[in-house]
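Following: one structure in structure tokens, then a few remarks.
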Amino acid sequence: MPIEPPTVGVLLTNLGSPDAPTATALRRYLAEFLSDQRVVELPRWLWWPILHGVILQLRPQRSAALYRAVWSEEGAPLLAITRRQAEKLQAALRGRYGVDVPVVMAMRYGNPSLAAGLKALKARGVDKVLVLPLYPQYSASATASTFDGVAAALRHERSLPALRFIERYYDEADYIHALAESIRRHQKQHGVPDKLLFSFHGIPQRYADAGDPYPAQCTATVEKVVKRLGLKEDQWMLTYQSRFGREPWLQPYTDKTLERFGRERMAHVQVVCPGFAADCLETLEEIDQQNREIFISAGGGAFGYIPALNDGDSHIEALANLVERNLAGWIASDRDEDEV
């Protein structure tokens, strides 16, 4: 039975990156990012002078230098990897549905924008859009902000697409399996460490106190991976990285923990970042460069960073399964027909 041309598409999103590793591009990107009230929950009258009078005057030059350390011919690593993820996910979905299900990548901040991604899907005839933010653990500052961004991008559209939104997948069996297998592969090559650190991007403690479920979901992810790997309690630890500003963020902090491990002369530590679906500045530069140096300079031994799931086969399979379940009722897969 012939399948009708698809009207279904996937908007695959992530946080974003600057257009270039320059102070000008960073100033533009950081202004957009740090103006989001989901990211910085402070009154505008208080935050605006700090942002425009201090941060955007000092931080762009410093951040540009950090981006240059991880930039490649393909551009920012997050953009390059997400582009490959979209291509491979589309190929995987074609194998399941027999037709192209367009998968378009878009970024919450910077380019390609959410508006551009939605426009690209519309140009391909898509009127049913599944939005998949690549944030396994829900947080208001990331996941909810993406929802806000999609709504804003559609605000002036006369005809709206049907929308579905995947808000979290922190406990999905396929995601947990992919994480566990990535750790096993790394340790098969590099050995088992004295301590395996699960490092997640932090949020201010007051966001969690206000009811954000993010830390509970980070904990649930780690507990499932630890159980699958059969780790003992003293073999692993959960920490939080990438804090910004002076207020308390979720603890323990990754950098402070690694410094302590170094002072204790720990012989071997490995770090994995389960909340990052693609390697980016926060993993390649902050963890694998800055935090590596912190650990070793404090007296530590071997340091290993376990790469993000990126566009690996098990990750793409997990994402395809997640998408297929969330497209149920919109399009029938070959497996649906086999079951009839």
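The values are calculated or read from the model by the stated rules, or taken from the named source; none is laboratory data. Just so you know, these numbers come straight off a predicted model, no measurement behind them. Using ideal geometry, Cβ is built from the backbone for each residue, glycine included, and neighbour counts are taken over all protein chains shown. Accessible surface is based on the protein model in full, side chains and every heavy atom, while ligands, DNA and RNA are left aside. Shrake-Rupley method; radii C 1.70, N 1.55, O 1.52, S 1.80 Å.
Things to note:
- Whichever residue in region 60-80 is open to solvent by less than 40 Å² (accessible area, probe 1.4 Å) and in a helix (DSSP H, G or I) and, among such residues, is nearest to Ser242 (Cα to Cα): Ser63
- Scanning region 100-110 for residues that are in a loop (DSSP other than H, G, I, E, B), of a type outside the set (D, E, K, R) and within 16 Å of the chain's Cα centre (by Cα) returns Tyr109, Gly110.
- The one condition from (1) free of Cβ contacts under 8 Å to residues at least 12 places away in the same chain; (2) under 26 Å from Ser145 (Cβ atoms); (3) not hydrophobic (A, V, I, L, M, F, W, C) that Lys227 does not meet is (2).
- On the stretch given as region 133-162, residues that are among the aromatic types (Phe, Trp, Tyr) and either closer than 21 Å to Val103 by Cα or more than 12 Å from the chain's Cα centre (by Cα) (or both) total 2.
- Candidates Ala173, Ala144, filtered to the one that is of a type in the set (A, V, I, L, M, F, W, C), within 23 Å of Met105 (Cα to Cα) and in contact with a Lys or Arg (Cβ under 9 Å, 6 or more places away or on another chain): Ala144
- Selection of region 111-126 for residues being assigned to a loop (DSSP other than H, G, I, E, B) and open to solvent by 20 Å² or more (accessible area, probe 1.4 Å) yields Asn111, Pro112, Arg124, Gly125.
- Among the residues of region 8-20, those that are part of a loop (DSSP other than H, G, I, E, B) and in contact with a strand residue (DSSP E or B) (Cβ under 8 Å, 6 or more places away or on another chain) comprise Leu15, Gly16, Ser17.
- Here Gly149 clears all of (1) surrounded by fewer than 19 Cβ atoms within 10 Å (Cβ to Cβ); (2) touching a Lys or Arg at 6+ places or on another chain (Cβ under 8 Å); (3) not β-branched (Val, Ile, Thr) except the condition numbered (1).
- Residue check, Val99 modelled with pLDDT under 95 and open to solvent by less than 40 Å² (accessible area, probe 1.4 Å): yes
- Exactly one residue out of Gly245, Gly211 is under 24 Å from Leu30 (Cα atoms) and either more than 20 Å from the chain's Cα centre (by Cα) or without any contact (Cβ under 8 Å) to a residue 12 or more places away in the chain (or both): that is Gly245.
- Checking Gly53, Gly110 one by one, the residue that is of a type in the set (Gly, Ala, Ser) and over 20 Å from Glu282 (Cβ atoms) is Gly53 and no other.
- Being closer than 21 Å to Val323 by Cα, surrounded by fewer than 19 Cβ atoms within 10 Å (Cβ to Cβ), basic (Lys, Arg) and out of contact with any Ser or Thr (no Cβ under 6 Å at 6 or more places or on another chain) is true of Arg164.
- Residue list for region 163-185, restricted to those being without any contact (Cβ under 8 Å) to a residue 60 or more places away in the chain and closer than 18 Å to Leu114 by Cβ: Leu163, Phe165, Glu167
- Residues of region 21-59 classified as aliphatic (A, V, I, L, M), assigned to a loop (DSSP other than H, G, I, E, B) and open to solvent by less than 30 Å² (accessible area, probe 1.4 Å), total: 2
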